[in-house]
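S.K.: Would you mind keeping the following structure in view while I ask a few things?
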Amino acid sequence: MMIGDLFPITAHVDPEGYLWLGGCRADVLAREFGTPLYVFDEATLRERCRRYKAALAAHYPGPSQVAYASKAYLCLALVRLLAEEGLGLDVVSGGELYLARQAGFPLAAVHFHGNNKSAAELEMALDWGVGRIVVDNAHELALLERLAGERARPERSRRGRRLAIWLRLSPDIDLHTHTYNKTGLADSKFGFPLAEGLAEQALQAALASPHLELVGLHTHLGSQAFETEPFTAAVEALLAFAGEMGRKHGFRLQELSPGGGWGVPYHQDDPPAQIEEYVRAVSLATVEGCVRHGLPLPRLILEPGRSIVGPAGIALYTVGVRKTIPGVRTYVSVDGGMADNIRPALYGVRYTALAATKAHQPVEEVVTVVGKYCESGDWLIRDIRLPKLEPGDLLAMPVAGAYHLPMASNYNLALRPAVVWVKDGRARLVQRRESYEDLVARDAMSPLLEQTYTFGSI
Ligand SMILES: Cc1ncc(COP(=O)(O)O)c(C=O)c1O
């Protein structure tokens, strides 16, 4: 794999060595909008949505849906693009749900996940008509039963029908990825374990509910996986369970979701990960499993996040300080770092980068690219071979579209970066850079609250 393969589909380097994205020259974008700058290529975003849909249409004979996993990155512009592309949306918080609603997304196409949804978040989802609540645990099942029951009272009833839910199951399947990215193991905070009859108990409770309608089963094994086998094993585990529960309790599986988690290469040495290979494997496993377990084909819902937005995004940084420690290493500091991309520090992810204004210059040195924040762990790329970078040069890090901005922080009171979308030679600012005023906007000097009791009286 060449470094160029990691960039968006519209990217190219001109004969002078300048990087172009969506018909815009990267250094011009940097001058116009400042750095660190996150640039998304709209063509790549749409292409990846369409590849998922086309692959499902080609390989899965039943009904299907691609529901983008918001946690990978969300903003109003993206929600609108997803609606235009006909995708569903998976949200995990009141915040993500709020954003979807603000953007006018059809909330019936939203699935609400999360292992500790609050009553307020669930009420919000019920009031707004969210399509599916993915029930994660027994506490939530009971809470939802109560909330749906309250709404079923004639004076509060909105729709007069039962609330459609899925159960999230934990099949104890190991995804070969970073420990922090595994979610389908038995020892996990997510979902009802298939083992020990816990999933069966939940299913019986859901089936017995007068206010809930159990329509689907879900699992999510984790993220950044390159092998299809764990996903097909998960589909088989869920279908075997559905078959058994059908025979024992009359359960009818209408919807099946093996979650998301398909990986993307971040570095030339990473294996390729074709969307089509993953979709084909999961589709085939579902069809074959349904035959094996005597089930009609359910609606198949995939929840990709990273593999849609990751390769569409580029992080642009300006080079600042260089520091060479003879015999040890050369540090090149850029104007971002762990505040906008925590992934190298958190997961040890290996990234690569391109000198965006001197891409054709010969590789002259091996450097370590670090951020500007007050942690020694604030590094972005260790030991990368690059042309000699001087202060003011521009560095472009590809595959920056997923799990950077939503994990970004104000550490050291950094300002969260601006986000620009490019298409056909035009750039539009979809999220402005934070300002110093934003940093103090939440601070308040409220008057002292009057003490309502004295300690002596307790
Ligand atoms: C329930 C669920 N679905 C989908 C995803 C998306 O995963 P990815 O971005 O790896 O495709 C996640 C990520 O953690 C998830 O928790």
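Derivation of every value follows stated rules applied to the coordinates shown; laboratory data play no part. The model shown is predicted, which means the values in this text are computed figures rather than measured ones. Here the Cβ is made from the backbone with ideal geometry for all residues, glycine too, and neighbour counts use every protein chain on show.
S.K.: Checking the a/c ratio against 1.5 first, then a/b against b/c, what shape does the Cα gyration tensor give for region 1-98?
M.R.: Numbers: a/c = 2.98, a/b = 1.52, b/c = 1.96.
Since a/c reaches 1.5 but b/c is at least a/b, the shape of region 1-98 is classed as oblate.
S.K.: Need the list of lysines near K323 for cross-linking: C-alpha distance under 17 angstrom, and skip anything on the same chain fewer than eight residues off.
M.R.: Within the straight-line limit of under 17 Å, K323 reaches these lysines: K372, K388.
S.K.: Still on this structure: Classify region 317-437 as rounded, prolate or oblate from the Cα gyration tensor: take a ≥ b ≥ c as the square roots of its eigenvalues, call it rounded if a/c is under 1.5, otherwise prolate when a/b beats b/c and oblate if not.
M.R.: It comes out oblate by the Cα gyration axes.
S.K.: Report, in whole Å, the centroid distance computed from the Cα atoms of region 211-258 and region 18-59.
M.R.: 34
S.K.: Calculate I(q)/I(0) for the chain by the Debye formula, one identical point scatterer on each C-alpha and no solvent, and give its log10 at q = 0.10 Å⁻¹ to two decimals.
M.R.: Those come out to -0.78, one per q.
S.K.: Could you state the angle between the C-alpha long axis of helix 42-59 and the longest principal axis of the C-alpha atoms of the chain, as a value from 0 to 90 degrees rounded to the nearest 10?
M.R.: 40
S.K.: Separate question: Non-local amide H neighbours of D90 (under 5 Å, H modeled in plane, Pro and chain starts lacking H): which ones?
M.R.: Excluding prolines and chain starts, which carry no amide H, the hits are Y68, A69, S70, H111.
S.K.: R0 = 25 Å: FRET efficiency of E213 with A186, Cβ-based, nearest 0.05? Show your work: numbers first, answer last.
M.R.: Details: r = 28 Å, r/R0 = 1.11.
Between E213 and A186 the formula returns 0.35.
S.K.: Sorting check: for 277-288, 99-110, 253-264, 429-440, which peptide has the highest mean count of neighbouring beta carbons within 10 Å, and how do the rest follow?
M.R.: 253-264, 277-288, 99-110, 429-440
S.K.: Taking a ≥ b ≥ c as the square roots of the eigenvalues of the Cα gyration tensor of region 62-171, is the shape rounded (a/c under 1.5), prolate (a/b larger than b/c) or oblate?
M.R.: Prolate shape, in that a/c is at least 1.5 and a/b is the bigger ratio.
S.K.: Could you state the angle between the C-alpha long axis of helix 275-293 and the longest principal axis of the C-alpha atoms of the chain, as a value from 0 to 90 degrees rounded to the nearest 10?
M.R.: 20
S.K.: Nearest 5 is fine: what % of DSSP beta bridges in region 1-136 come out antiparallel, could you say?
M.R.: Once the DSSP bridges in region 1-136 are tallied, antiparallel ones form about 35 percent.
S.K.: Can you give the calculated 222 nm mean residue ellipticity of the chain, where each DSSP H run of n ≥ 4 adds -39,500 (n - 2.57) and the sum is split over every residue, rounded to the nearest 500 deg cm²/dmol?
M.R.: So the helix-based figure for the chain works out to -9000 deg cm²/dmol.
S.K.: Just the number, please: percent antiparallel of the DSSP beta bridges in the chain, rounded to the nearest 5.
M.R.: Roughly 45 percent of the beta bridges in the chain run antiparallel, per DSSP.
S.K.: So between R322 and A58, what do we pick up on full extension, going 0.36 nm a residue minus the alpha carbon distance?
M.R.: Between R322 and A58, full extension yields an extra 89.9 nm.
S.K.: Additional query: Could you give me the ³J(HN,Hα) list for region 350-367, computed from phi with Karplus coefficients 6.51, -1.76, 1.60 and θ = phi - 60°, whole Hz, x at Gly and Pro?
M.R.: Residue by residue, region 350-367 yields 9, 9, 10, 7, 10, 6, 6, 10, 9, 5, 8, 6, x, 5, 10, 7, 10, 10 Hz.
S.K.: Each residue of region 140-147 in turn: what ³J(HN,Hα) in whole Hz from Karplus with 6.51, -1.76, 1.60 and θ = phi - 60°, glycine and Pro shown as x?
M.R.: Karplus-based 3J(HN,Hα) across region 140-147 equals 5, 4, 5, 4, 5, 4, 5, 5 Hz.
S.K.: Could you work out how far helix 119-128 tilts from the main Cα principal axis of the chain, as a 0 to 90 degree angle to the nearest 10?
M.R.: 80
S.K.: Pull out the extension gain between R31 and H249, defined as 0.36 nm times the separation in residues minus the alpha carbon to alpha carbon distance; nm, one decimal.
M.R.: Gain on extension, R31 to H249, equals 72.1 nm.
S.K.: Now for a different question. What nm distance separates the two modelled labels at Y436 and K388, each placed 7 Å from Cα along Cα→Cβ?
M.R.: For the pair Y436/K388, the computed spacing is 3.6 nm.
S.K.: Along the Cα→Cβ direction, 7 angstrom out, place labels at E227 and M1. What is the inter-label distance in nm?
M.R.: That separation, rounded to one decimal, is 1.7 nm.
S.K.: Further question on the same structure: Given 0.36 nm per residue, what is the gain on full extension from I9 to D424 after removing their alpha carbon distance, in nm?
M.R.: Full extension of this stretch gives 148.2 nm more.
S.K.: OK, next. Got a sec? Charge dipole of region 282-410, +1 on Cβ for Lys and Arg, -1 for Asp and Glu; which of H360, V334, P304 is way out at the positive end?
M.R.: Going by the Cα projections, it comes out as P304.
S.K.: Here is a follow-up. Extending each Cα 7 Å along its Cβ direction at R80 and S118, get the distance between those two points in nm, one decimal.
M.R.: My value for the distance between the label points is 3.0 nm.
S.K.: Scan region 1-89 for GluC sites (Glu not before Pro) in coil per DSSP, keeping those whose Cβ has at most 16 other Cβ atoms within 10 Å, and list them by number. Kindly include the intermediate steps, with their values, before the conclusion.
M.R.: Working: sites: E16, E32, E42, E47, E84, E85; in loops: E16, E85.
Of the GluC sites (Glu not before Pro), the ones in loops of region 1-89 whose Cβ has at most 16 other Cβ atoms within 10 Å are E16.
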